[in-house]
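Scroll down for the structure; my scribbles are underneath it.
The values are calculated or read from the model by the stated rules, or taken from the named source; none is laboratory data. Predicted model, so just to flag it, every value in this text is computed and none were measured. Please note: Cβ atoms are built from the backbone with ideal geometry, for glycine as well, and neighbour counts cover all protein chains shown. These accessible areas exclude ligands, DNA and RNA; they are computed on the full protein's heavy atoms, side chains included. Shrake-Rupley method; radii C 1.70, N 1.55, O 1.52, S 1.80 Å.
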Amino acid sequence: MNERELDLTEAQIAAKSKYPPITRKYEYLDHTADVQIHSWGNTLEEAFEQCAMGMFGYMTDTETVAPIDTVDVESEGEDMESLLFHFLDDWLYKFSADLFFVPREVKVLHIDRMNFKMRSIGWGEEFSLEKHPQGTEVKAITYSAMQIHDKEKSEIFVIIDI
């Protein structure tokens, strides 16, 4: 499923057109039972941001989200892969178990590559079926086939369990 089109109501279309379009630097790659997100950016921080937005983009059309609230997320790991895992898992927790928060944008403020800690912020709002189209539920983040490439162009590959 490379291009996902969700059926939008008139209210969702109106919400979508209220804000500037979102730049997407991610795609969905075919995978047997789950979804693989491939994200990229000019920096590792941008690739992390786009990976999170790829996850949320699978759950709803993020262009229907208004950036009216902010949420801070601090994540820790033992290495870069576990940091990525916890970063995505922490954001998923904000959506599914804590605040029902869905971001329109996620910004990585800092990655401490020595101690494997990071801080990020998201701008968005509480998920509402009246305003946001329902995509596919993300159950969990996996380590399966996880890859982080930080060369001339930073790229991330991660599989999410749906």
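Limited to segment 95-109, what total is found for residues that are open to solvent by 40 Å² or more (accessible area, probe 1.4 Å) and either among the aliphatic types (A, V, I, L, M) or at negative phi (or both)?
The initial filter retains those residues of segment 95-109 that are open to solvent by 40 Å² or more (accessible area, probe 1.4 Å), namely 96-100, 105, 107, 109.
Filter once more, so that each one left must be either among the aliphatic types (A, V, I, L, M) or at negative phi (or both): 96-99, 105, 107, 109.
Qualifying residue count, segment 95-109: 7.
Considering only segment 107-162, state which residues are modelled with pLDDT under 95 and β-branched (Val, Ile, Thr).
Within segment 107-162, Thr136, Ile162 qualify.
Determine the pairs where a residue that is in contact (Cβ under 8 Å) with a residue 40 or more places away in the chain, located within segment 126-154, has a partner that is open to solvent by 70 Å² or more (accessible area, probe 1.4 Å) and assigned to a loop (DSSP other than H, G, I, E, B) with Cβ atoms under 6 Å apart, the partner being 6 or more residues away or on another chain.
Filtered contacts from segment 126-154: Glu126/Phe100; Phe127/Phe100.
Output the residue which, of all residues in segment 119-145 that are open to solvent by less than 30 Å² (accessible area, probe 1.4 Å) and over 15 Å from the mean Cα position of the chain (by Cα), is nearest to Ile68 (Cα to Cα).
His132
Being touching a Ser or Thr at 6+ places or on another chain (Cβ under 9 Å), assigned to a strand (DSSP E or B) and over 17 Å from Ser39 (Cα atoms), is that true of even one residue in segment 142-151?
Let us first name the residues in segment 142-151 that are touching a Ser or Thr at 6+ places or on another chain (Cβ under 9 Å), namely 143, 148, 150.
Filter again for assigned to a strand (DSSP E or B), leaving 148, 150.
Applying the additional criterion that residues be over 17 Å from Ser39 (Cα atoms) yields none.
Checking segment 142-151: not a single residue is touching a Ser or Thr at 6+ places or on another chain (Cβ under 9 Å), assigned to a strand (DSSP E or B) and over 17 Å from Ser39 (Cα atoms).
Within the bounds of segment 69-81, is there any residue that is open to solvent by less than 30 Å² (accessible area, probe 1.4 Å), over 12 Å from the mean Cα position of the chain (by Cα) and aliphatic (A, V, I, L, M)? Walk me through it before giving the result.
Going through segment 69-81, the residues open to solvent by less than 30 Å² (accessible area, probe 1.4 Å) turn out to be 71, 73, 75, 77.
Remaining after also requiring over 12 Å from the mean Cα position of the chain (by Cα): 71, 73, 75, 77.
If we keep only those that are aliphatic (A, V, I, L, M) as well, we get 71, 73.
Checking segment 69-81: at least one residue is open to solvent by less than 30 Å² (accessible area, probe 1.4 Å), over 12 Å from the mean Cα position of the chain (by Cα) and aliphatic (A, V, I, L, M).
Among the helices (runs of 4 or more DSSP H) confined wholly to segment 7-105, which include 2 or more residues that are modelled with pLDDT of 90 or more? Break it down into steps so the answer makes sense when it comes.
Numbers: elements: 10-16, 44-59, 80-93.
In segment 7-105, 44-59, 80-93 are the helices (runs of 4 or more DSSP H) which contain 2 or more residues that are modelled with pLDDT of 90 or more.
Which of the following residues is within 14 Å of the chain's Cα centre (by Cα), open to solvent by less than 60 Å² (accessible area, probe 1.4 Å) and among the acidic types (Asp, Glu): Asp90, Asp112? Write out each step before concluding.
On the way: Asp112 fails: within 14 Å of the chain's Cα centre (by Cα).
Exactly one residue qualifies, and that residue is Asp90.
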